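A quick write-up on the structure given underneath.
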Amino acid sequence: MKSFITYPINSDFSIHNIPFGVAVFNKEYIACCTRIGDMVIDLATLYDYGFFDEIEGLNENVFEAYTLNEFIELGKPVTTAVRLKIQELLDEHSSLAEDEKTIQECFYNVDQVKMMMPVHIPNYTDFYSSIEHATNVGKMFRDPANALLPNWRHLPVGYHGRASSIVISGTAIHRPNGQMKPADQPKPIFGATKQLDFELEMAFIINKNTEMGESISTADAEDAIFGMVLFNDWSARDIQSWEYVPLGPFLGKNFGSSVSPWVVTLEALEPFRTATPVQEPEVLDYLKFTGDKNFDINLEVYLQPENGAENLICKSNFKLMYWNMAQQLAHHTINGCNIEVGDMYASGTISGEEPGSFGSMLELTWRGEKPLQLNNGEERKFIQDHDTVIMRGYAEKGDIRIGFGEVSGTIIPSK
Ligand code: MN
């Protein structure tokens, strides 16, 4: 497949991708959009021009909206048909290539648009599904010989996070204040966190509402997943380690999470399916699944100090997840918990086995014991004010490459 729009061979936004997002065009008009190479395409105007007329179930201009929720709620038959139609329109043999009026009206260079949050997120859940991450944290904070807690291999551990503070890439994050209890002091203290961290994660977005009491099986789970984004789950380790007993994460987490603007569909990720790591001991029946349910997605984290260059500090891969998305969703709903369109479910920190593949500063510096050396001569134990953290993700196979672009966020001083 080739497009009449040209783009570099390493573009994240090849004709194989066709992601969805929401953009402000020329500072004046908001609509749902897609992207190829460096061109962002206004889907609302494309709809008005009749390009989607033949798609069954797409009976109103759901692209004329500030979020993708209405579109993705139409479900896979419609969203998949729209994606394939866009792919056909962008093909090198498409008549659109000669249609100057439509190109003039609907195609914008990426620097003429500002990306917005792609979805309204009613609910956000964060899992803890990387065995390397859970093992590293267990070694650091508990027992190195028994790093994993007894439940970990039996269920995808998770907690309900805060949806209101999930923001789009590029949004600055204030260093959170809070209560901490330094090990060498008798009482807790109040102040700005000294252990600000990122967590390298991916998140999936739900395309349907269910009724309370209803469950989603591992076999049906992927039909309920519209697509994925990169997710940085900012964390204040000193606040977290004092507050988390016994109910889990709270203010050490809910001050902010950052997401990438382009939602990459599961259909685009299809060529990159791979097996889930062997699960031992065998899981309960409701967590059993068939087929390849993991996805081979290369992930990178860069730390950029103020006025400095980017430092590559972590290379990991989404395929390493011990629990797959189908299992996470089956587990989440097995008790009858209802889900909603736009819900976001994050993977948990994605760490590999090698030290250079750990997905947080906590692990990369081993709680600050081994600071990272930056290329400007500075070191980092945790994230400093005016540091920017950038995460990128892409999948490659043969001559097919698709990517997520990036999620970036800069830390600014506390208010
Ligand atoms: Mn997390």
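Cα centroids of the stretch 128-198 and the stretch 1-75: 37 Å apart.
Taking GLY161, GLY377, GLY248 in turn, the Gaussian network model of the chain (Cα-Cα springs below 10 Å) assigns the largest fluctuation to GLY377. Ligands, DNA and RNA left out, the 1.4 Å accessible surface of the stretch 62-201 is 52% carbon and sulfur atoms. Kirkwood's formula applied to the C-alpha pairs of the stretch 367-408 gives a hydrodynamic radius of 13.1 angstrom. Between ARG142 and HIS174, the modelled label-to-label distance comes to 3.5 nm, taking each label 7 Å out from Cα in the direction of the beta carbon. For the chain, the C-alpha radius of gyration divided by 2.2 N^0.38 Å, with N the number of residues, is 0.99. Cα-based values for the stretch 289-379, radius of gyration first and Dmax second, are 17.2, 53 Å.
Taking a straight line from the alpha carbon of LYS208, these lysines sit under 28 Å away, with near neighbours fewer than eight places off in the same chain left out: LYS76, LYS85, LYS114, LYS253, LYS288, LYS293, LYS319. Assuming 0.890 mPa s and 25 °C, estimate D for the stretch 178-259 with Stokes-Einstein, Rh taken as the Kirkwood radius over Cα pairs, in µm²/s. Rounded, D is 159 µm²/s. Our summary gives the chain a relative contact order of 21 percent, counting only alpha carbon pairs under 8 angstrom and 6 or more residues apart. Here's the picture: a label point sits 7 Å out from the Cα of ILE334 along the beta-carbon direction, and within the stretch 282-308 the residues with their amide nitrogen under 20 Å of it are 282-294.
Each residue, GLU379 and LYS415, gets one label point 7 Å from its Cα in the Cβ direction; the gap between the two is 3.5 nm.
With a cut-off of 13 Å, note down the residues of the stretch 160-198 whose backbone N falls inside the zone around a label point 7 Å from the Cα of LEU247 toward its beta carbon. Answer for the stretch 160-198: 160-161. Rounded to two decimal places and with Rh computed the Kirkwood way over Cα pairs, what is Rg over Rh for the stretch 21-115? Result for the stretch 21-115 is an Rg/Rh of 0.93. For a paramagnetic label modelled on ILE189 (point 7 Å from Cα along Cα→Cβ), amide N atoms under 17 Å away belong, within the stretch 360-402, to 382. For an R0 of 22 angstrom, estimate the FRET efficiency from the Cβ-Cβ distance between ASP220 and LEU155 and round to the nearest 0.05. Given R0 = 22 Å and the Cβ-Cβ separation, E is 0.70. Just so you know, the averaged projected area of the alpha carbon convex hull for the stretch 90-220 sits at 15.6 nm². Stretched out straight at 0.36 nm per residue, the stretch from MET1 to ASP38 would grow longer than its current Cα-Cα span by 11.5 nm. Per residue, the solvent-accessible area of the chain (1.4 Å probe, heavy atoms of protein chains only, all protein chains present) comes to 44 Å². In this simple spin-label model, placing a label point 7 Å from the Cα along the Cα-to-Cβ direction at both GLU60 and THR80 gives a separation of 2.6 nm.
Computed over all pairs of different Cα atoms, the Kirkwood value for the hydrodynamic radius of the stretch 222-364 is 17.3 Å.
The values are calculated or read from the model by the stated rules, or taken from the named source; none is laboratory data. Keep in mind that this is a model prediction, so the values were computed, not measured. With ideal geometry, Cβ positions are generated from the backbone for all residues, glycine too; neighbour counts draw on all protein chains shown. We work out accessible area using only protein heavy atoms, side chains counted, and drop any ligands, DNA or RNA first. Shrake-Rupley method; radii C 1.70, N 1.55, O 1.52, S 1.80 Å.
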